[in-house]
Every structure is written in structure tokens, then in C-alpha cells.
Amino acid sequence: MNRSLPLPRLAQPLYGEMLEQLAICQHWPVKPADSRERQVVKINVPTLILQGRYDAQTTTDRGKRALEWLSNGTYVEFPSLGHGVTLNHCGRDIGIAFINRPEIPPNPSCTAALKPKFVLPTTSK
């Protein structure tokens with residue numbers, strides 16, 4: 001699962017927690033959900049998916065997959081953020097604009113300024 005992430009090692013602690021949660025669920029005293037609960041439902045409601053590129057909790061593949069079921073959905077990816085993109089001014093502004101006017105496609109231009117800036121170590125001579 002986490003191998004598809006841009007920095008897969010970031011998700012390693014979460015992966016272990018997820019395995020523990022899955023083990024607990026196997027002992028939970030409930031009946032399995034009806035198969036209808038697992039059917040894909042396509043909807044036409046204006047929906048905004050705000051996705052951090054480095055989100056190890058809700059990975060980009062999940063956001064993109066959710067978009068497939070939304071005929072009126074918009075996906076905006078934030079190139080240097082993780083989980084909680086609305087804590088960033090750009091994500092917050094896009095989210096507020098969408099809530100105020102969901103019929104207008106969001107303007108994701110502010111995400112360009114969020115591209116990661118990688119710095120390579122200098123070598124001593």
C-alpha cells in the first residue's frame with residue numbers, strides 16, 4: 001500500500017497501526033455488512049476533494065479513486081502538504097470559495113507556490 005506514496009517510509013508507522021486495527025476488527029462481535037454496503041454509488045452533488053500529495057493517512061490514490069464516483073467532483077492536489085490541507089491558507093481559501101459557491105470550479109492556482117523545494121547536501125572538498 002504505502003509503496004505507491006512519493007515517500008513511502010513516511011507511512012510505515014501508520015501501516016503498523018492499521019495492521020493492529022485490522023486485527024482488532026477481526027474479533028469485533030458484529031455481523032459482516034450486507035453486500036449492498038459495498039456497492040459503488042455515483043452521485044452528482046458538487047464535491048471538492050482536497051488532497052495533500054504527502055498524506056500518508058488518506059493517500060492520493062484514495063482521493064483520485066473517490067473522484068471516479070463523483071460526476072460533479074473536483075480534485076485539487078497540494079504538492080508539498082500532507083494530511084489537513086485546510087490548515088494551509090491555500091487549502092482553506094479553496095475550501096471556503098467552494099462552500100460559498102459550489103457551482104463555480106475552484107481556482108487551484110495557489111497550489112503552484114506550494115511545490116516542494118528540495119535542497120541537496122553540499123559536498124566538502
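The values are calculated or read from the model by the stated rules, or taken from the named source; none is laboratory data. All of these numbers come straight from a predicted model, not from anything done at the bench. Positions of Cβ are generated from backbone atoms using ideal geometry, with glycine treated the same way; all protein chains shown enter the neighbour counts.
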Taking region 78-94 and keeping residues part of a loop (DSSP other than H, G, I, E, B), of a type outside the set (Gly, Ala, Ser) and closer than 20 Å to PHE118 by Cβ leaves PRO79, LEU81, ASN88
Residues of region 97-125 being more than 15 Å from GLN51 (Cα to Cα) and in a helix (DSSP H, G or I), which ones?
-> ALA97, ILE99, ASN100, ALA113
Quick one: TYR75 ticks every box in (1) in a loop (DSSP other than H, G, I, E, B); (2) surrounded by 16 or more Cβ atoms within 10 Å (Cβ to Cβ) except a single one, so which number is it?
-> (1)
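Test LYS64 against the stated conditions and say whether it is of a type outside the set (Phe, Trp, Tyr) and part of a loop (DSSP other than H, G, I, E, B). Break it down into steps so the answer makes sense when it comes.
On the way: of a type outside the set (Phe, Trp, Tyr): yes; part of a loop (DSSP other than H, G, I, E, B): no.
So LYS64 does not fit the description; no.
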When every residue in region 50-61 that is assigned to a strand (DSSP E or B) and out of contact with any Leu (no Cβ under 6 Å at 6 or more places or on another chain) is compared, the one surrounded by the most Cβ atoms within 10 Å (Cβ to Cβ) is LEU50
(1) in contact with a Leu (Cβ under 6 Å, 6 or more places away or on another chain); (2) modelled with pLDDT of 95 or more; (3) among the β-branched types (Val, Ile, Thr) all hold for ILE94 apart from (1)
Tally time: how many residues in region 94-116 are loosely packed, with under 10 Cβ neighbours inside 10 Å and in contact (Cβ under 8 Å) with a residue 24 or more places away in the chain?
-> 1
Flagged in region 1-39 as modelled with pLDDT of 70 or more, outside any helix (DSSP H, G or I) and under 22 Å from the mean Cα position of the chain (by Cα), in numbering order, are GLN39
